[in-house]
Structures are given as C-alpha cells and as structure tokens.
Amino acid sequence: MLLHDTARALARDVHVERRLFEILGVWSTGPGEPEVVALYATLSRHHGWRAEVLATLQPVLHDLDPSPPAAVDAYVATVASSSTTAERLAAVEVTLAAQVAGWEERIAHGTEVSDAPVMRALRLVSADAREDWRAAASLVRSLVRSGFDARGAAAHRSELEREVRVLG
C-alpha cells in the first residue's frame, strides 16, 4: 500500500475502534441480560486495545487530514443508535465481520517489505476481532435457544450491512 493509503486506513481504523470502545462501554453500563452486558464490557475493552495497537503505527503526514470520511461517522452513528439487545448484537456481529474482512483484505494486498509492521498488527487485531465475532455469534445462538427473538433486528441488520462497506 502507498503510505497515504496506509495512513488513511489506519486513521479510520483507530477512529472506529475508539468510537466502538465508547459505544460498547456505554452499553455495558445499562440494563440487560448479564451475559450480554458482560459481552459489551469485554468487547469495549478489546476495541480500546485494538485502537491503541493500531494508533502506534499510524504515520503522521502533515498533508493528510486524518479525519474519517463522513460515511464512516454515519455508520458509527447507526451502530450507536441501536437501542434493543437484538439490534445491538446485530451491530456487533455486522461490524466485527466487516472489520475482519477489511483487515484480511489489506493483509492479502500488503507487501512484507514496506508493510510488515502494519501487516503484523493487522494479523493480531484481526485474530482478536475474529474471536470477539465468534463470542458474539455464540451468545446470540445461546440466547435464541433460550427464547430470545433476534428476528426483530432484521431491518436494522440490513441497514448496517448496506452501510458497513465504509469500514473496509
């Protein structure tokens, strides 16, 4: 990747990870099923950690505005607007799936000569996010088996899936 592309991608990733840290942190302090609240708290800490890992690699380029595109903020706002447990869990799953896919795509197109440190970090955060995605999916399956109605979030999931491309 070109240095400017790497800088833009890392700035976007750090911004999204920090916002998800905040959003899930707020969700973890609210009412809800104990296992869901615990998942939000865990995921919040993981997003915070991933933001710090990626921030250490973010190049400072004085001719580059590190602000994320408006579409990224719009997507994050849609995640933050999730109000029910079903919508929030859908937001977690859709977001983590997109992040993992985007990071794996960047790893596949990187070169070891110029992108090695970033690729190493992306492998690390991608594996971590993949585990979080599995944990969220497992919790949803467990909740569904115990009578939780996850279908109520179908429209929200569709909206998220239309917008999530901005993360990759």
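All of the numbers you see were taken from the coordinates with simple rules; none came from a lab. A quick note: this is a predicted structure, and the numbers were derived from the prediction, not measured. We place every Cβ from the backbone using ideal geometry, glycine too, and count neighbours over all the protein chains shown.
Of note:
- About the centre of its Cα atoms, the chain shows a dipole size close to 320 debye [charges on the beta carbon of Lys, Arg (+1) and Asp, Glu (-1) only; nearest 20 debye].
- Gaussian network model of the chain, Cα within-10 Å springs - most flexible of Ser82, Ser142, Ser126: Ser142
- Residue with peak Gaussian network fluctuation, the chain [Cα springs, cutoff 10 Å], from Thr95, Thr111, Thr42: Thr111
- Net charge of Cβ neighbours under 12 Å - reference Asp13; Lys, Arg +1; Asp, Glu -1: +4
- Whole-Hz ³J(HN,Hα) from phi, Karplus 6.51 cos²θ - 1.76 cosθ + 1.60, for region 116-128, glycine and proline x: 3, x, 5, 4, 4, 5, 5, 4, 5, 6, 5, 5, 5
- Taking other C-beta atoms within 10 angstrom as a stand-in for reagent exposure, Glu35, Glu87 fall in the order Glu35, Glu87, fewest first.
- The angle between the Cα long axis of helix 34-55 and the longest principal axis of the Cα atoms of the chain comes to about 0 degrees, rounded to the nearest 10.
- Think of each Lys and Arg Cβ as +1 and each Asp and Glu Cβ as -1; about the Cα centre, that makes the dipole of region 1-81 roughly 60 debye.
- Taking other C-beta atoms within 10 angstrom as a stand-in for reagent exposure, Asp13, Asp65, Asp132 fall in the order Asp65, Asp132, Asp13, fewest first.
- When you restrict to C-alpha pairs under 8 Å that are six or more residues apart and normalise by the size of the chain, the relative contact order lands at 29 percent.
- Proxy reagent accessibility, fewest Cβ within 10 Å first, across Asp128, Asp149: Asp149, Asp128
- The coefficient of translational diffusion for region 72-143, derived via Stokes-Einstein from the alpha carbon Kirkwood radius under 20 °C and 1.002 mPa s, stands at 160 µm²/s.
- Among the listed values (i) 9.3; (ii) 13.9; (iii) 11.0, the one computed from these coordinates for mean projected area of the Cα convex hull in nm² is (i).
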